[in-house]
1. Would you be able to say whether some residue in the range 12-32 is in contact (Cβ under 8 Å) with a residue 60 or more places away in the chain and surrounded by fewer than 17 Cβ atoms within 10 Å (Cβ to Cβ)?
2. Give me the residue from the range 97-111 that is small (Gly, Ala, Ser) and modelled with pLDDT of 95 or more and, out of that set, most open to solvent (accessible area, probe 1.4 Å).
3. Filter the range 39-96 for residues that are aromatic (Phe, Trp, Tyr) and open to solvent by 20 Å² or more (accessible area, probe 1.4 Å); which is farthest from Glu9 (Cα to Cα)?
4. Taking the residues in the range 1-44 that are of a type in the set (Val, Ile, Thr) and under 20 Å from Ile94 (Cβ atoms) as candidates, determine which candidate is modelled with the lowest pLDDT.
5. Return the pair list, or none, for Cβ contacts closer than 8 Å from residues in the range 59-87 that are part of a loop (DSSP other than H, G, I, E, B) to residues that are open to solvent by less than 50 Å² (accessible area, probe 1.4 Å) and among the aromatic types (Phe, Trp, Tyr), at least 6 apart or on different chains.
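The values are calculated or read from the model by the stated rules, or taken from the named source; none is laboratory data. Since the structure is predicted, the reported quantities are computational estimates derived from the model, not experimental observations. Cβ: placed from backbone, ideal geometry, glycine included. Neighbour counts: every protein chain shown. What goes into the accessible areas is simple: the full protein's heavy atoms, side chains included, and nothing from ligands, DNA or RNA. Shrake-Rupley method; radii C 1.70, N 1.55, O 1.52, S 1.80 Å.
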Amino acid sequence: HFGMIFFAERFDRWKRRLVPATPANRAVAIEYARGRETAFQTLVYDSLEAALVTEDVDTVFLLTDGAPGSGKFVDAADIVREIGRINASRRIKINTIALGGDRPLLEDLAASSGGRYVRP
């Protein structure tokens, strides 16, 4: 099962719930993602919060430039602390993929959740 949340100055879910990873759902998701444009004012905290409270989620893959620009929290230490608080009981792995350089925030989010940090 999978889902997608796109984020910039606001976040937008592809579907309200996770969907089976069937070939048809994957194809629709890919087409939906191709139609999205990148933007600034990254809502890192708000998007992660939405992902972590989604029913049945056990793993998150966060693809971002790692530079929060808006949202409830924009300071890296605040984001790591608050995401850790939300995730304390669920223990969801957050894997982070840095698009555009090293980002300590992404390293910290992955390390604190047992996930993996990658910089392509």
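1. No: zero hits.
2. Once the filter is applied, the top-ranked residue is Ala111.
3. At the first step, the residues of the range 39-96 found to be aromatic (Phe, Trp, Tyr) are 40, 45, 61, 73.
Within this subset, residues satisfying the condition of being open to solvent by 20 Å² or more (accessible area, probe 1.4 Å) are 40, 61, 73.
Values: Phe40: 7, Phe61: 19, Phe73: 13 Å.
Ranking the qualifying residues of the range 39-96, first place goes to Phe61.
4. It comes out as Thr42.
5. The qualifying pairs are Gly71/Tyr45; Lys72/Tyr45; Phe73/Tyr45; Val74/Tyr45.
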